[in-house]
Every structure is written in structure tokens, then in C-alpha cells.
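Structure record follows, encoded as C-alpha cells.
What follows draws every value from the coordinates through simple rules; no lab data is involved. All figures in this text were calculated on a predicted structure; none of them were measured in a lab. Cβ coordinates were reconstructed from backbone atoms using ideal geometry, including for glycine residues, and neighbour counts include every protein chain displayed.
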Amino acid sequence: MSTDTGFIYLAQPYSSPDPAVIQYRVDQAFKATSKLMSEGRIVFSPIVHTHELGKWIPERLASQHEFWMKQDIAILRHASILVILQLPGWDISKGVAQEIMVAELCQIPITFMEPVV
């Protein structure tokens, strides 16, 4: 991973019809974010930032993928690097695909991270 002093945007899949899968993904977001922060990195994780926040957003908005992506993409555009947490399903995630597309358009380097055990 780069030693750049800018900030990491940590992407990963989130949505699933199975609440246990969502909880696993949330737990992994917290583990990965805390690991990177403990290494001295500056990290924005959309999952860490918005999972609990979603409880305070009106359901008509909170259930819309586009609502969340608008928030996330605005931040991603300023990131120094996009790190993709390689949880099962990352490669078919609509959100991760959008984040990769934006990173490529903005010439933000992309790298991958294994799940934290």
C-alpha cells in the first residue's frame, strides 16, 4: 500500500438480502478501517460513516442506492487512493463498480486489501 499522506477511500460491498451478510460486511469495514488508522493512515469508509447514520435518514431516502452514492462519490473525488476491501461479492457490487469507475475517471490509484481476520 502507498505511503502517501493523503486519505484512503475504503470501498467494499454492503447490500444483501441477508442481514447476517450485511453485519459481516459492517464488521469488516470497522476492522479494516481501524487497522489502517492504527497504521497512521487517514481513512474514509462509507460503511463506517453511514451504517448507523442510515437509521436517522428518512426511509424513502435511506433505501435509495443513489442517495448514498451521491454522498460517497463527492468524497471519493478527493481521495488519494481507492482501496477495495476484497470481501465476497466485491467484484459484482454495483456500488464498488461505480467507485472504481469514478476513481479511474479521476485518475485515483486503486489497490486491494484482504479482509482482516
Based on alpha-carbon centroids, what's the gap between the range 1-78 and the range 89-117 in Å, whole number please? 12
How high is the relative contact order of the range 7-113, in percent, counting Cα pairs under 8 Å that sit 6 or more residues apart? 36
Ignoring GluC sites (Glu not before Pro) buried by more than 16 other Cβ within 10 Å or outside DSSP loops, the longest site-free run in the chain is 53-117
Among (i) 47, 33, 20; (ii) 33, 31, 25; (iii) 39, 32, 26, which one is Cα extents along the principal axes in Å computed from these coordinates? (iii)
